[in-house]
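Working notes, beginning with the structure itself.
Computed from the coordinates by the stated procedures, all read-outs in this text should not be read as laboratory data. Only a predicted model underlies this, so the values are computations on that prediction, with no experimental measurement involved. Here the Cβ positions follow ideal geometry from the backbone for every residue, glycine too, while neighbour counts run over all protein chains shown.
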């Protein structure tokens, strides 16, 4: 039996992404966002949504450039911190002890310790309400060699260990056991239904 | 040491969401999408991106209405199937044995067996490239009572057991162990950095 919970942002899973940008003095900043997702394959693009009140919002509007650093679960504490503090008040890289590295493709810093990094050029913004949606074209992905799958050469989720966020209940989780392969698990049903 | 992997949709985690819509004959259809995420808190909105070639794209453009049914991991096979077959060729509800239920708030069907459902009104579309991004206002969320947290009354990720998708490597995973609470894990760093 289903219960109606009203109009709420209850969609699972949500990501934990750390958005890197430079401010007008070229000081590096990073903030955590969970409102985002991939939005196009060609060109490869992601969305991330931010409130106008954030320091990062102003930085992105000025530079049209940002990074997304994907923390592994061992950095859950730092990632959470990046979502609590504001770059208006503190240099979050210094306070956390993590290292800002300058992007190659865009004028924005990333978190050197995190295993996967996306360098994004802001190609579109759309005001929805409390949040503004940014569409970023992914100009490059950088990953630590030790998180790559030996065969396919792309990051293995079990090695990246990204953090999963549960909206409203506010829990962080790790990635669980592998259930199967996409475009494979459902193939029996496909053959039977043709 | 980081390796450059080029311009690719390598962002983790991605969701596994089943998008329900009616076609012009009011036949229910459902397709799986992994390109999406929450995009605004007020009004509560989600993005989902679809190729124009999909049956669902045409249905949403005509009805401006769809649902997102979030499968639990025990339905990984059916969810994968919904991403392989097309509603042009087959009634995927019938082929999978799952049940279409009509939304209360929008003219679109959802998957009755899945634990969490979002009813969405399409409020904006934006052509990016291969994919078109849809912004849907979440008019209602429905959840099975047995996935709700007893205290907070919102879905508990450990009970919902949503599927996590790894782009490019194409693996599905379950949700892993709880790492901590958001706006809490990083509080020590916040207090120290003030």
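For segment B:122-194, the percent of C-alpha pairs falling in each 10 Å distance bin, counted from 0 to the bin holding the largest distance, reads 13, 23, 33, 26, 4. How much length, in nm to one decimal, is gained on full extension between residue B:184 and residue B:88, taken as 0.36 nm per residue of separation minus their Cα-Cα distance? That pair, residue B:184 and residue B:88, stretches by 29.8 nm at full extension. Each part reduced to its alpha carbon centroid, segment B:26-98 and segment A:148-181 end up 22 Å apart. 7 Å along Cα→Cβ for the label point: how many nanometres lie between residue B:181 and each equivalent label in the other copies, listed shortest first? Counterpart label points of residue B:181 in the remaining copies fall at 4.2 nm. Counting Cβ atoms of other protein chains within 10 Å of each Cβ in B:124-134 and taking the mean gives 5. Using the Cα coordinates of segment B:14-193, the gyration tensor eigenvalues translate into equivalent-ellipsoid semi-axes of 29, 19, 17 Å, sorted from longest to shortest. How large is log10 I(q)/I(0) at q = 0.14, 0.18, 0.27 Å⁻¹ when the Debye formula is applied to the Cα atoms of segment B:128-167, each weighted equally and without solvent? Log10 of I(q)/I(0), two decimals: -0.54, -0.74, -0.95.
Compactness of segment A:100-154 was expressed as the Cα radius of gyration divided by 2.2 N^0.38 Å, which yields 1.40. Which residues does a label at residue A:24 reach in segment A:76-101, if reach means a backbone N under 20 Å from a point 7 Å past the Cα toward the Cβ? A:86-92, by backbone N distance to the label point.
In what sequence do B:130, A:98, A:118 fall when counting other Cβ within 10 Å, fewest first? Don't skip to the end; give the middle numbers.
Working: B:130 17, A:98 22, A:118 34.
Fewest-to-most Cβ neighbours within 10 Å comes out as B:130, A:98, A:118.
Label point of residue A:97 (7 Å along Cα→beta-carbon): distances to the other copies' equivalent points are 5.4 nm, sorted ascending.
Shielding of peptide B:40-52 by partners, expressed as the average count of other chain Cβ atoms within 10 Å per residue Cβ, is 6.
Look at B:39, B:18 and count the other Cβ atoms within 10 Å of each Cβ; fewest to most, that gives B:18, B:39.
Can you give the Kirkwood hydrodynamic radius for the protein assembly as shown, in Å, rounded to one decimal and based on Cα pairs? If you can, show how the numbers build up before the last one.
Values: mean 1/r = 0.0484 Å⁻¹.
Over the protein assembly as shown, the inverse of the mean reciprocal pair distance is 20.7 Å.
Given axes a ≥ b ≥ c from the Cα gyration tensor, I'd like to know whether segment A:51-111 is rounded (a/c under 1.5), prolate (a/b larger than b/c) or oblate. Oblate shape, in that a/c is at least 1.5 and b/c is the bigger or equal ratio. With contacts taken as Cα pairs under 8 Å at a separation of at least 6 residues, chain A carries a relative contact order of 23 percent. Helix-only arithmetic for chain A: the sum of -39500 (n - 2.57) across DSSP H runs with n ≥ 4, divided by the residue total, places the mean residue ellipticity at 222 nm at -4500 deg cm²/dmol. Counted by neighbouring Cβ atoms within 10 Å, the residues B:1, B:187 run from fewest to most as B:1, B:187.
Placing a label point 7 Å from Cα along the Cα-to-Cβ direction at residue A:24 gives distances to the equivalent points in the other copies of 5.4 nm, listed shortest first.
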